[in-house]
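Taking it in order: structure first as structure tokens, then the write-up.
The values are calculated or read from the model by the stated rules, or taken from the named source; none is laboratory data. The model shown is predicted, which means the values in this text are computed figures rather than measured ones. Virtual Cβ from ideal backbone geometry, glycine too; neighbours counted across all protein chains shown. To get the accessible areas, we keep the full protein, side chains included, count just its heavy atoms, and leave off ligands, DNA and RNA. Shrake-Rupley method; radii C 1.70, N 1.55, O 1.52, S 1.80 Å.
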Amino acid sequence: MFDYNFHWRPVMRDLPDLIEAGLLTLQVASLAMILGILIALGLALIRLNMRGPLNWIATTWVEFARNTPALFQLFFFGFGLGAFGLHLSPYAIVLAGLTFNCAGYLAENFRGGFQAIPETQMRAARSLGMTATQAYLRIVIPQVLRIVYHPVTNQMVWAVLMSSLGMLVGFRELSGETQFFASRTFRIFEYFAVTAVIYYVIVKIILGASRLLASRLFRY
Amino acid sequence: MIEIRGLQKYFGALHVLKGIDLDVEKGEVLSVIGASGSGKSTLLYCINGLEEIQGGQVEVDGQNVHAKGADLNKLRQKLGMVFQQWNSFPHLTVQENVALAPRIVRGLDRKAADEIAERQLAHVGLGDKLRVYPGALSGGQQQRLAIARALAMEPDYMLFDEATSALDPELVGEVLETMRMLAEEGMTMICVTHEMGFARDVSDRVAFFHQGVMEEIGPPSQIFGEAQSPHTRGFLANVR
């Protein structure tokens with residue numbers, strides 16, 4: 001193993017492309033998280049407040065998202081829908097798969113968050129004449145967001161790393177791009193080593209931004 | 001004026017209020033006393049529609065609270081409520097706690113709402129705590145915050161649900177003082193309370209509840225001096 005000759009030149013040549021792919025990774029993960037958070041809020045509220053078919057759908061969503069491999073979920077949106085003649089672009093497959101997965105995980109976090117807010121907060125808000133919607137938006141949800149803030153940050157990191165599965169459905173995000181260059185030059189170790197560093201930096205930036213945001217948002 | 005006629009309330013099979021008839025006049029201070037589980041707090045929740053009722057009716061200024069299509073959000077602006085567990089909103093500053101509802105419910109602009117908040121907070125002695133979060137306040141201060149928050153809606157009635165029961169003994173006084181001040185200003189108040197001193201000194205009338213029935217109602221001198229019902233006499237003998 002000491003005879004291996006490192007060749008970093010091709011990696012350095014392609015570094016701008018890799019960084020661009022890294023930005024694409026960040027973009028798709030961020031979009032998936034934004035959609036995932038919105039859907040998760042809905043799923044959590046449905047599971048807490050409703051019975052019947054909607055509850056059944058929400059529960060099924062959460063069960064599948066949490067209890068099957070994320071890769072299979074991507075395959076569903078790629079090859080699964082493809083088998084029925086619905087062909088999504090690689091970008092859309094990854095976005096849909098990540099969103100599906102994140103929404104399922106976050107829904108459970110949110111459900112716990114909602115349950116942690118005493119019912120009396122709602123009563124106090126309603127006693128002031130607020131509508132149920134106002135009470136949710138102004139009183140309950142802001143408190144829930146604080147409770148779920150760190151789990152959501154974790155999920156964001158997880159979304160970035162999980163997006164690497166995109167290379168298996170032909171998406172040229174960071175891992176897909178790396179795989180493409182690596183197999184062209186056979187400098188597999190070098191390319192993936194550099195890519196690992198890029199992932200690391202992306203995650204560090206997310207965590208730093210999250211900490212900064214938390215200190216601005218949560219003063220209480 | 002609040003008019004309650006034949007009010008029936010069940011929680012499942014549990015019969016909590018068994019036909020309550022009660023009028024509360026403008027400007028009156030009514031204290032409601034009785035053992036835990038006698039239905040006193042539930043009565044308040046039925047008055048502002050936080051609980052549904054199974055029989056009878058409640059009218060506030062001639063408006064039927066439990067009628068289909070009654071605008072409860074509008075009605076609740078008339079009925080300020082203070083809870084046992086003060087329920088301050090932990091994510092908002094003291095000032096925002098008070099200013100929020102005037103802004104989003106009454107539709108005041110931010111400046112006007114902030115001014116109301118400042119005035120009401122000064123009124124209850126929290127004028128120096130505007131930018132603080134409730135977590136930094138004592139229980140007594142949080143309860144006074146809750147009173148200011150309810151007053152900011154400029155209600156015609158105030159409902160107090162055991163406002164001092166969850167407080168440390170040394171903090172009870174400041175909250176009772178604030179309630180006494182409101183009473184002297186002419187606020188119409190229904191106070192569910194275990195503070196017999198307050199009930200005797202501040203109220204115009206005292207109602208004694210026993211197992212879902214209003215056993216007796218009358219001026220404090222009657223209830224505390226010459227109670228008619230043996231239940232009332234028994235209860236008072238125990239709490240003194």
Worksheet item: Sorted by accessible area with a 1.4 angstrom probe, largest first, how do B:Asp71, B:Asp114 fall?
Response: B:Asp71, B:Asp114
Practice prompt. At 1.4 Å probe size, with no ligands or nucleic acids counted, give the accessible surface of A:Met50 in Å², nearest ten.
Written response: 90
Practice prompt. Report the one residue of A:Tyr149, A:Cys102, A:Ser164 whose Cα lies farthest in the direction of the positive end of the charge dipole of the stretch A:91-220 (charges on C-beta: Lys and Arg +1, Asp and Glu -1; origin at the Cα centre).
Written response: A:Tyr149
Worksheet item: Taking a point 7 angstrom from the Cα of B:Ser165 along the C-beta vector, which residues in the stretch B:32-74 have backbone N less than 13 Å away?
Response: B:32-45
Practice prompt. Scan the stretch B:1-74 for GluC sites (Glu not before Pro) in coil per DSSP, keeping those whose Cβ has at most 13 other Cβ atoms within 10 Å, and list them by number.
Written response: B:Glu25, B:Glu52
Worksheet item: Mind listing the phi-derived Karplus ³J(HN,Hα) values for the stretch B:125-141, rounded to whole Hz, using 6.51, -1.76 and 1.60 with θ = phi - 60°, and x for any glycine or proline?
Response: x, 10, x, 9, 10, 3, 8, 7, 8, x, x, 8, 9, 6, x, x, 5
Practice prompt. Between A:Arg146, A:Arg66, A:Arg184, find the one with the highest GNM mean-square fluctuation for chain A; connect C-alpha pairs within less than 10 Å.
Written response: A:Arg184
Worksheet entry | Measure of compaction for the protein assembly as shown (Cα Rg per 2.2 N^0.38 Å) | 1.34
Response to the item:
Set B:Lys78/B:Lys111; B:Lys68/B:Lys111; B:Lys18/B:Lys68; B:Lys9/B:Lys78; B:Lys74/B:Lys129; B:Lys26/B:Lys111, cut-off 25 Å on Cα-Cα distance; pairs above it are B:Lys68/B:Lys111; B:Lys74/B:Lys129; B:Lys26/B:Lys111
Response to the item:
Per GNM of chain A with C-alpha springs under 10 angstrom, the most fluctuating residue out of A:Ala44, A:Ala125, A:Ala92 is A:Ala125
Worksheet item: Using the Cα atoms as the points, what is the convex hull volume per residue of the stretch A:75-213 in Å³?
Response: 129
Practice prompt. Could you pull out the GluC sites (Glu not before Pro) across the stretch B:163-218 that fall in loop regions by DSSP (anything but H, G, I, E, B) with no more than 15 other Cβ atoms inside 10 Å?
Written response: B:Glu185
Worksheet, complete the sentence: If amide H atoms are modeled at 1.01 Å from N in the peptide plane, then the residues at a separation of 5 or more from B:Glu216, or on another chain, having amide H under 5 Å from its own are B:Phe208
Discussion item. Give me the one-decimal nm value for the distance between modelled label points at A:Asp3 and A:Ala83, 7 Å along each residue's Cα-to-Cβ direction.
Written reply: 4.7
Item to complete: Per residue of the stretch B:112-123, in order, report the coupling 6.51 cos²θ - 1.76 cosθ + 1.60 (Karplus, θ = phi - 60°) as ³J(HN,Hα) in whole Hz, putting x for Gly and Pro.
Response: 5, 5, 5, 5, 4, 4, 4, 5, 5, 5, 4, 4
Practice prompt. Using a 1.4 angstrom probe, figure out how much accessible area the stretch A:22-217 has per residue, in square angstrom, rounded to the nearest whole.
Written response: 49
Worksheet entry | Beta bridges per DSSP with both ends in chain B, % antiparallel, nearest 5 | 55
Worksheet item: Hey, any idea what the orientation-averaged projected area of the convex hull of the stretch B:1-86's Cα atoms comes to, in nm²?
Response: 6.0
Worksheet entry | Ranked order, B:Lys40, B:Lys26, B:Lys18 - accessible area, probe 1.4 Å, largest first | B:Lys26, B:Lys18, B:Lys40
Worksheet item: When the helix-only estimate is applied to chain A (DSSP H runs of n ≥ 4, each -39,500 (n - 2.57), divided by the residue count), what is the mean residue ellipticity at 222 nm, nearest 500 deg cm²/dmol?
Response: -25500 deg cm²/dmol
Worksheet, complete the sentence: Whole-Hz Karplus couplings 3J(HN,Hα) for the stretch B:217-223, θ = phi - 60° and coefficients 6.51, -1.76, 1.60, Gly and Pro as x, run 9, x, x, x, 4, 5, 4
Discussion item. So, taking all protein chains as they sit and a 1.4 Å probe, how much accessible area belongs to A:His150, in Å² rounded to tens?
Written reply: 120
Worksheet item: So what is the calculated 222 nm ellipticity per residue for chain B, using -39500 (n - 2.57) for each DSSP H run with n of 4 or more, over all residues, to the nearest 500 deg cm²/dmol?
Response: -11000 deg cm²/dmol
Response to the item:
Put B:Asp161, B:Asp204 in order of accessible area, largest first, probe 1.4 Å, and you get B:Asp204, B:Asp161
Worksheet entry | Accessible surface of the stretch A:22-217, 1.4 Å probe, proportion on carbon and sulfur as whole % | 70
Practice prompt. May I ask you to give the percent of accessible area on chain B that is carbon plus sulfur, with a probe radius of 1.4 Å?
Written response: 46
